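Asker: Handing you a structure now.
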């Protein structure tokens with residue numbers, strides 16, 4: 001009988017344990033109460049902070065609506081005045097020669113604060129009069145949405161068009177137009193004034209000096225007219241206002257909500273107001289992150305205070321626990337002697353279990369019971385284990401168990417979900433005995449493989465990080481190479497200036513030094529350009545498309561026509577029909593051009609140049625080859641030549657930077673292919689590469 005099971009000793013142990021438990025329980029209650037108070041306070045403060053931000057946005061949106069209404073109504077008045085001046089039947093033929101009407105339009109424009117352009121357009125879409133240009137010439141505006149709108153819609157209501165770039169004044173404007181109608185209601189033309197988005201952006205900027213608020217002016221159909229701060233692609237895009245601000249669909253004129261911007265994905269607190277007169281909506285949005293910044297700063301201060309309180313409570317508790325430790329250590333030594341066997345299993349993290357058929361009740365070892373969070377030393381039902389299996393894995397495990405009951409070995413990895421904690425285990429078992437009536441036993445083991453799974457996940461994450469790091473390195477190379485060219489141009493310019501201004505004063509050595517500097521700058525510029533080309537490969541991922549190799553080779557030969565003519569090279573192309581591949585045509589042209597260019601460059605001076613291009617289908621890919629009769633490559637350099645900045649010859653022998661084949665390799669790998677070389681020194685080289693074939697149509 002174990003010593004720890006004696007009644008007297010067990011009673012004393014319970015007393016000491018309860019004292020420690022009381023202390024820990026008191027500490028937990030205090031910490032919990034503090035945490036609940038802090039949570040409630042934080043939630044209340046957060047709500048109040050958001051309400052204050054909402055009030056600020058509502059005030060800003062009110063000011064913006066007054067300003068925008070005023071500017072648009074001013075333009076509306078100007079358009080109605082011009083329509084009244086035109087009369088019932090405008091004479092479009094004589095109108096461009098009417099200097100008085102042009103002067104009136106010009107005066108109206110100059111009298112307005114924004115000095116907008118005022119334009120008259122006839123029923124054929126031709127520009128007839130422009131307030132800023134007396135003879136604007138023949139300009140057709142039939143493609144503009146406002147002209148098509150007024151032509152097809154007899155309504156006399158004004159219309160705000162999609163922002164466009166003017167055909168006379170090269171600037172982006174928002175067209176604001178009225179329909180010109182004949183007495184019988186037929187369409188006679190359009191009168192237009194231009195609203196400058198920059199004016200609205202400047203006003204929005206004056207409302208928010210910190211540039212934290214995003215102001216958006218939208219048409220009733222969701223077309224974005226103005227956005228401040230500006231965002232590429234925003235103006236002219238369409239937003240589903242009803243989905244983003246549901247109160248708009250119910251007819252409410254103003255309101256607020258928290259939304260996620262469809263343009264940049266940022267969560268914002270947004271307030272909107274409708275301008276029903278012109279069917280416009282103004283939205284002012286403040287990132288929730290910025291709105292809650294004061295609240296977060298206050299929370300951090302409170303966290304420091306609360307952490308200090310908890311720390312003091314913990315120190316006091318530890319002092320008390322230290323006095324109790326001596327009393328509990330004796331009982332710990334007794335418990336350690338009894339747990340030896342269980343500890344061995346725990347170290348191995350392998351438990352054993354036995355299932356009894358047909359009811360599938362289980363007996364588990366201590367380690368198996370720990371893994372399944374089951375009572376130790378008791379029979380448990382199979383349902384008790386099943387409910388601890390992760391819901392997504394239950395059907396798979398049940399299927400494997402059914403196969404095991406039919407005699408198949410069990411070996412499966414799955415998850416346990418116990419009290420919100422996920423544990424990965426490996427179950428292995430087989431039927432040890434089974435009778436005809438279905439009774440029998442299954443013996444098995446259970447192993448905790450959580451750490452191994454976590455290691456696998458960590459390796460996968462590291463692989464993703466490595467891929468991301470490689471991408472960032474390529475981007476860095478691109479930016480660095482691009483920025484290097486400017487100082488190189490300056491060096492070259494000053495060296496040329498030095499040679500022109502002081503060349504007659506320098507001796508031969510000085511002139512040679514200038515020549516060396518000029519040559520070095522030019523060589524460095526070529527190197528940077530090649531590095532830029534290398535870093536661009538794959539940065540602009542155009543969709544892969546079907547590429548006819550016949551057309552591809554014709555492009556390459558045309559690009560190298562001068563070099564082929566000067567070198568008297570014989571280029572042999574594959575005979576039709578040409579295979580079709582999937583790829584980026586520009587990159588494939590670059591690839592083939594580099595290989596043929598190298599074949600011409602590294603020629604054997606004693607014999608005519610002959611370059612043979614061949615293509616061969618191989619399953620789901622095409623293997624292309626470029627063979628030459630040049631100087632060849634030593635086999636020991638086969639791998640080295642595809643590295644960046646790798647050269648086998650001096651610059652005096654052959655020009656180049658050592659990047660061409662690296663670019664070829666990068667292009668082929670981006671297409672999912674391979675590239676390699678076969679060569680005999682003095683006889684020539686053959687470069688092979690593969691690209692995927694097009695799917696049959």
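Asker: Is it fair to say residue 382 is under 23 Å from residue 415 (Cα atoms), in contact with a strand residue (DSSP E or B) (Cβ under 8 Å, 6 or more places away or on another chain) and either exposed (fewer than 15 other Cβ atoms within 10 Å of the Cβ) or modelled with pLDDT under 80 (or both)?
Answerer: Yes; evaluated as a whole, the condition is true for this residue.
Asker: Within region 77-100, identify whether any single residue is under 53 Å from the mean Cα position of the chain (by Cα), surrounded by 16 or more Cβ atoms within 10 Å (Cβ to Cβ), over 20 Å from residue 187 (Cβ atoms) and without any contact (Cβ under 8 Å) to a residue 60 or more places away in the chain, and answer yes or no.
Answerer: The answer is no; no qualifying residue exists.
Asker: Condition (residue is in a helix (DSSP H, G or I), surrounded by fewer than 16 Cβ atoms within 10 Å (Cβ to Cβ) and either modelled with pLDDT of 85 or more or not assigned by TED's automatic domain parsing to the domain that holds residue 587 (or both)) applied to region 643-665: is it met by at least one residue?
Answerer: Of the residues in region 643-665, the ones in a helix (DSSP H, G or I) are 660-665.
From what is left, the residues that are surrounded by fewer than 16 Cβ atoms within 10 Å (Cβ to Cβ) are none.
Among the residues of region 643-665, not one is in a helix (DSSP H, G or I), surrounded by fewer than 16 Cβ atoms within 10 Å (Cβ to Cβ) and either modelled with pLDDT of 85 or more or not assigned by TED's automatic domain parsing to the domain that holds residue 587 (or both), which makes the answer no.
Asker: For region 111-151, give me the residue count where each residue is closer than 17 Å to residue 173 by Cα and in a helix (DSSP H, G or I).
Answerer: Here the count works out to 3.
Asker: Ok, one more. Can you tell me which of 248, 241, 280, 292 is at pLDDT below 80 and more than 29 Å from the chain's Cα centre (by Cα)?
Answerer: Answer to the selection: 248.
Asker: Still on this structure, please answer the following. Scan region 229-246 and tell me whether some residue there is crowded, with 18+ Cβ neighbours inside 10 Å, closer than 19 Å to residue 60 by Cα and touching a helix residue (DSSP H, G or I) at 6+ places or on another chain (Cβ under 8 Å).
Answerer: No, that holds for no residue.
Asker: Starting from region 340-358, take each residue that is under 17 Å from residue 384 (Cα atoms) and list its partners that are modelled with pLDDT under 60 and assigned to a strand (DSSP E or B), counting only C-beta distances under 7 angstrom and pairs at least six apart or across chains.
Answerer: Pairs that qualify, where the first residue is under 17 Å from residue 384 (Cα atoms) and the partner is modelled with pLDDT under 60 and assigned to a strand (DSSP E or B): there are none.
Asker: Name every residue in region 116-150 that is modelled with pLDDT under 85 and surrounded by fewer than 15 Cβ atoms within 10 Å (Cβ to Cβ), in order of residue number.
Answerer: 134, 135, 137, 138
Asker: Another question about this same structure. Does region 630-638 contain at least one residue that is surrounded by 14 or more Cβ atoms within 10 Å (Cβ to Cβ), touching a helix residue (DSSP H, G or I) at 6+ places or on another chain (Cβ under 7 Å) and at pLDDT 85 or above?
Answerer: Taking every residue of region 630-638 in turn, at least one turns out to be surrounded by 14 or more Cβ atoms within 10 Å (Cβ to Cβ), touching a helix residue (DSSP H, G or I) at 6+ places or on another chain (Cβ under 7 Å) and at pLDDT 85 or above.
Asker: Give the residue, chosen from 561, 599, that is touching a strand residue (DSSP E or B) at 6+ places or on another chain (Cβ under 6 Å), at pLDDT 85 or above and either surrounded by 18 or more Cβ atoms within 10 Å (Cβ to Cβ) or more than 22 Å from residue 689 (Cβ to Cβ) (or both).
Answerer: One residue alone meets the criteria, 599.
Asker: Please state which of the following conditions residue 311 fails to meet, knowing it meets all the rest: (1) modelled with pLDDT under 80; (2) within 30 Å of residue 33 (Cβ to Cβ).
Answerer: (1)
Asker: State whether the residues of region 434-444 include one that is surrounded by 12 or more Cβ atoms within 10 Å (Cβ to Cβ) and more than 19 Å from residue 383 (Cα to Cα).
Answerer: From region 434-444, those surrounded by 12 or more Cβ atoms within 10 Å (Cβ to Cβ) are 434, 439-444; that's our starting set.
With the extra rule that they be more than 19 Å from residue 383 (Cα to Cα), the set shrinks to 434.
Yes: one or more hits.
Asker: Whether any residue in region 620-629 is surrounded by fewer than 19 Cβ atoms within 10 Å (Cβ to Cβ), farther than 23 Å from residue 554 by Cα and modelled with pLDDT of 80 or more is what I want to check.
Answerer: yes
Asker: Would you say residue 401 is at pLDDT below 85, under 47 Å from the mean Cα position of the chain (by Cα) and farther than 19 Å from residue 366 by Cβ?
Answerer: It is true that residue 401 is at pLDDT below 85, under 47 Å from the mean Cα position of the chain (by Cα) and farther than 19 Å from residue 366 by Cβ.
Asker: Anything in region 410-433 that is more than 46 Å from the chain's Cα centre (by Cα) and surrounded by fewer than 16 Cβ atoms within 10 Å (Cβ to Cβ)? List them, or say none.
Answerer: Answer for region 410-433, where residues must be more than 46 Å from the chain's Cα centre (by Cα) and surrounded by fewer than 16 Cβ atoms within 10 Å (Cβ to Cβ): 430, 432, 433.
Asker: In the list 280, 218, 269, which residue meets the criterion of being touching a residue at least 60 places away in the same chain (Cβ under 8 Å), in contact with a strand residue (DSSP E or B) (Cβ under 9 Å, 6 or more places away or on another chain) and over 26 Å from residue 145 (Cα atoms)? Full working, then the answer.
Answerer: Values: 280 fails: over 26 Å from residue 145 (Cα atoms); 218 fails: over 26 Å from residue 145 (Cα atoms).
Testing whether each residue is touching a residue at least 60 places away in the same chain (Cβ under 8 Å), in contact with a strand residue (DSSP E or B) (Cβ under 9 Å, 6 or more places away or on another chain) and over 26 Å from residue 145 (Cα atoms) leaves just 269.
Asker: From 566, 616, which residue is assigned to a helix (DSSP H, G or I) and free of Cβ contacts under 8 Å to residues at least 40 places away in the same chain?
Answerer: Among 566, 616, only 566 is assigned to a helix (DSSP H, G or I) and free of Cβ contacts under 8 Å to residues at least 40 places away in the same chain.
The values are calculated or read from the model by the stated rules, or taken from the named source; none is laboratory data. Bear in mind the structure is a predicted one, so any value in this text is a computation, not a measurement. Please note: Cβ atoms are built from the backbone with ideal geometry, for glycine as well, and neighbour counts cover all protein chains shown.
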